[in-house]
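The values are calculated or read from the model by the stated rules, or taken from the named source; none is laboratory data. Not measured: the values here are computed from a predicted model. FYI the Cβ positions are ideal-geometry reconstructions off the backbone, even for glycines, and counts take in every protein chain you see.
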Amino acid sequence: MKHVLVAFALSLAFQPSAPAQVQTSDSAAIRATVINYIEAYYAGDAARIQATLHPHYLKHVIHGAIPMRERTGEQMVQSVRRNGPADLPPGEKTEQVSVMDVSGEIASAKLVTPHWVDYMTLEKVNGDWKILSVVQRIDN
């Protein structure tokens, strides 16, 4: 009986905890949100990009010596709607997404493309991850 109790205790100790499982599923959902955001931008899909944005979305664009610019969620959606698909060769419509941190209902992620890097803050709203803010550094 003593061996059974020890084996049971060890099996509990080495099972993934619920928070680790939640964080894994949250990381996958965060990654999916960021991918939807960039793919919607590349495709010129305003409705799809809007679905990724938090109601208080704000983007800051840093581009060399050009003064910093801001863009609200509505401005972002209208820009995608007006401009359509991104004017980039297909080979340059790529992305790397890293989920940097998840802490409860807040997360940070990094989106790297051939021409810019987005540093993102996301918030979980009604079970869905939404992009709250972006600081974009343009590389050219």
Checklist line | Filtered residues of region 117-140 (kept if hydrophobic (A, V, I, L, M, F, W, C) and buried (at least 16 other Cβ atoms within 10 Å of the Cβ)) | finding: 120, 122, 129, 131, 132, 134
Notebook entry, point to check: If you scan region 108-123, which residues turn out to be in a strand (DSSP E or B) and either of a type outside the set (A, V, I, L, M, F, W, C) or without any contact (Cβ under 8 Å) to a residue 12 or more places away in the chain (or both)?
Noted result: 108, 110, 118, 119, 121, 123
Notebook entry, point to check: Is there a residue in region 89-106 that is at pLDDT 95 or above, part of a helix (DSSP H, G or I) and at negative phi?
Noted result: no
Item checked: Candidates 80, 97, filtered to the one that is in contact with a strand residue (DSSP E or B) (Cβ under 8 Å, 6 or more places away or on another chain) and among the hydrophobic types (A, V, I, L, M, F, W, C) -> 97
Margin query: From the list 66, 30, exactly one residue is surrounded by fewer than 17 Cβ atoms within 10 Å (Cβ to Cβ) and either at pLDDT 95 or above or under 24 Å from residue 115 (Cα atoms) (or both). Which is it?
Written below: 66
Check: So which of 50, 75 is over 30 Å from residue 24 (Cβ atoms) and of a type in the set (S, T, N, Q)?
Finding: 75
Notebook entry, point to check: Any idea which of (1) part of a helix (DSSP H, G or I); (2) under 28 Å from residue 101 (Cβ atoms); (3) free of Cβ contacts under 8 Å to residues at least 40 places away in the same chain is the one residue 34 doesn't satisfy?
Noted result: (3)
